[in-house]
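Worksheet for the structure shown next.
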């Protein structure tokens, strides 16, 4: 193919794919124009390479866009900026930890990790955050992201360059670390979603009464294995729950005592004391009764003792298919941390958006 027709073909494909490749073309096109014949062979290789990239942009795995150094030139200090903002919020209230963690999970499991859970409803659209399954998301999680976003945008070079989805991912890593959990590198480069509808939440989030099959099915739909599901459940180490989410286990279970027999009896009595009948629905208790403010493997040790708050927690130990992983994480905190970090990175790749189907929001609550 003659050189200039190649250039025309390349321009046609590029313009139909991405602004990013138009940016590349801005530098490449001038190279074609003053060419000498001996240079054409070399630029033919450039043509093939760019053609591959442009075609791959839509067909290759979208997770390939993520990089640990995505903002190295765009906003080089972004991680430190976010970390300092999160630290200030953490010093105000420990709820920052479970609230931010849960926000990240609820975001990624509904339409992917695209900050759609942060969007406010409007007169014409009921957003994800107003779905019944999301009404218990603590305001401190949203506030954490908003404060981090404001801190990032206060730096001129960074203003409106960092996605809300990436800020949420970084903030989640930081609260885990602040609570004594592992610090890990976060892959960055997500775009914010262009859609947030409460109907999208239906059937996408695990429920407190799920059995192992239901948990596995939901996580598998997001590309996560049973072991990764068990590792991610360790986030309940710093979680909290309203009494209504588990009251059936201590008051209305189908057993002679009306108490779930998989519950430790003393723990069941403690739960009744903290959550009496007709308790204020705003009351919440810690999911880990032993070390509620430490991100550790005690959660799994609690399961071994019948002290899992939800049915979906305790089933991880009572079901023989998942028991071995619980025992492994309970025995060795390093094993738990390693599996948790790997699972978090994998979770962070679920359903991410790119320049084709996303943007960088100036306000995380508004599309």
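Would you check which residues across the stretch 216-246 are over 17 Å from the mean Cα position of the chain (by Cα) and within 23 Å of residue 116 (Cβ to Cβ) and list them?
Within the stretch 216-246, just 217 meets the criteria.
Residue by residue, here is whether (1) touching a strand residue (DSSP E or B) at 6+ places or on another chain (Cβ under 7 Å); (2) closer than 30 Å to residue 335 by Cα holds:
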position: 201; (1), (2): no, no
position: 215; (1), (2): no, yes
position: 240; (1), (2): yes, yes
position: 250; (1), (2): no, no
position: 253; (1), (2): no, no
position: 266; (1), (2): no, yes
position: 279; (1), (2): no, no
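Filter the stretch 303-358 for residues that are in the same structural domain as residue 173 (by TED's automatic domain parsing) and over 29 Å from residue 66 (Cβ atoms) and give the result.
none
Take the stretch 292-306 and flag every residue that is buried (at least 16 other Cβ atoms within 10 Å of the Cβ) and in a helix (DSSP H, G or I).
Within the stretch 292-306, 298, 299, 300, 301, 302, 303 qualify.
Spot the failing condition for residue 341; the list is (1) crowded, with 16+ Cβ neighbours inside 10 Å; (2) touching a helix residue (DSSP H, G or I) at 6+ places or on another chain (Cβ under 8 Å), and only one is missed.
Every listed condition holds for residue 341 apart from (2).
Please report, ordered by residue number, the helices (runs of 4 or more DSSP H) entirely within the stretch 61-174 with at least 2 residues that are outside the structural domain of residue 233 (by TED's automatic domain parsing) and over 23 Å from residue 344 (Cβ atoms).
78-92, 139-153
Looking at (1) under 23 Å from the mean Cα position of the chain (by Cα); (2) assigned to a helix (DSSP H, G or I), which is the one condition that is false for residue 309?
(2)
Is there any pair with a first residue in the stretch 191-202 that is surrounded by fewer than 22 Cβ atoms within 10 Å (Cβ to Cβ) and a second that is assigned to a strand (DSSP E or B) whose Cβ atoms are under 7 Å apart and which are 6 or more apart or on different chains, and what are they?
Cβ pairs passing all conditions: 194/358; 194/359; 197/125.
The values are calculated or read from the model by the stated rules, or taken from the named source; none is laboratory data. All of these numbers come straight from a predicted model, not from anything done at the bench. As a convention, Cβ positions derive from the backbone with ideal geometry for all residues, glycine included, and neighbour counts pool all protein chains shown.
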